[in-house]
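The structure appears right after this line, and notes come after that.
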Amino acid sequence: MIQVRNLSFTYPKGVEVLKDISFSIQKGKSCAIIGPSGCGKTTLLYLIAGLLPVQKGIIQVNGTANTRGNIPMILQDYGLFPWKTVWENVAMGLTLKHLPHEEIERKLEPILEELGLSTFRTFYPSQLSGGQRQRVAIARVLAMNPSLILMDEPFSSLDAMTREHLQILLSRIWKVHHITFIIVTHSIEEATFLGEKVLVLSEQPAHIRAVVENESAGDPSFRSSKEFFKISTKLRRLLFSMNLDS
């Protein structure tokens, strides 16, 4: 599904952000990316999305380089249009494809129902809670029937209870729809719960310090298990050791 080989990236004025990054993600799998603040996690996500040009190395999605920037992303600030209703925001991608209204309605109704948004379809973003807005952002992506979703700190601005609820919702969507996803997060526990593979990036210029395999990711009972604590502790030690080295 995703192949990244020997990827390096330098911003203007010679700021080297990523150095020799290599990893792969199989179809239908999840990957979490963590690392120190400012190390280049979002840059890596934008490169995979095709929003930044590949300078050195190779990124392939389904065997081809993505240079169109057409991979859906879910952002921390939701990316909703405040003057559009829930239905209009979710339908935006399908509307741009000029699909008939009846077909859009048929596609959207089960998605709105799945995410608990059916009764809010005429509401505007300002009338919704943070968790509801993020569900609208997720619904908008699902409406496009994607095989891959990229997420940049999607739950970081939410309270702990809402954040945990949406993590469970995301894990259910991932398994039901067989979607491959990559999530960038600062939360060790979020990375442990959602990432079947967790990439730990170093300080800039970031390289992959460790790859932690995590087969139990997404299981609702996993969060209260000894294995969850073990993996979270391992990730915390990897990140903390970088702070000691710097």
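FYI, it's all coordinate maths here, none of it is from the lab. Note that this is a predicted model, so its numbers are computed, not measured. Note that we place each Cβ from the backbone using ideal geometry, even for glycine, and neighbour counts take in every protein chain shown.
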Report, to the nearest 10°, how far helix 130-142 tilts away from the longest principal axis of the Cα atoms in the chain, using its own Cα long axis and a range of 0 to 90°. 90 degrees
For the range 25-95 and the range 182-231, what is the separation of their Cα centres, given in Å? 19 Å
Pairs of Lys in the chain closer than 22 Å at Cα, counting only those 8 or more apart or on different chains: 25
CD proxy at 222 nm, helix term only [per DSSP H run n ≥ 4: -39500 (n - 2.57); per residue of the chain; nearest 500]: -12000 deg cm²/dmol
If you plug each phi of the range 117-129 into the Karplus form 6.51 cos²θ - 1.76 cosθ + 1.60 with θ = phi - 60°, what whole-Hz ³J(HN,Hα) values come out, in order, with x for Gly and Pro? 10, 4, 7, 10, 4, 9, 7, 9, x, 5, 8, 10, 6
Calculated on alpha-carbon atoms, Rg and Dmax of the range 1-89 in Å: 15.0, 44
Report, to the nearest 10°, how far helix 160-177 tilts away from the longest principal axis of the Cα atoms in the chain, using its own Cα long axis and a range of 0 to 90°. 80 degrees
Using just the C-alpha positions of the range 120-196 as equal point scatterers, what log10 of I(q)/I(0) does the Debye formula give at each q in 0.11, 0.25, 0.27 1/Å? -0.28, -1.36, -1.50
Sites Lys230 and Lys175 - FRET efficiency at Förster radius 30 Å, r taken between beta-carbons, to 0.05: 0.85
Can you pull the one-decimal nm distance between simple spin-label points at Trp83 and Lys13, each 7 Å off the Cα toward Cβ? 3.5 nm
How charged is the neighbourhood of Glu190? Take every other residue with its Cβ under 11 Å from the Cβ of Glu190, and add Lys/Arg as +1 and Asp/Glu as -1. -1
Given R₀ = 22 Å, FRET efficiency for Phe123-Met161 by Cβ-Cβ distance, to 0.05? 0.55
Between 0 and 90 degrees, rounded to the nearest ten: what's the tilt of helix 101-114 against the longest Cα principal axis of the chain? 60 degrees
Taking θ = phi - 60°, what integer Hz values does the Karplus form 6.51 cos²θ - 1.76 cosθ + 1.60 yield along the range 190-203, in sequence order, with x for Gly and Pro? 5, 4, 5, 6, 9, x, 5, 10, 10, 8, 9, 8, 8, 5
Rg(Cα)/(2.2 N^0.38 Å) for the chain, N = residue count: 1.03
For Val212, what is the net charge nearby, where nearby means another residue's Cβ is under 13 Å from its Cβ and Lys, Arg count +1, Asp, Glu -1? +2
Based on the alpha-carbon gyration tensor of the range 82-157, what equivalent-ellipsoid semi-axes (square roots of 5 times the eigenvalues) come out, in whole Å, largest first? 19, 15, 11
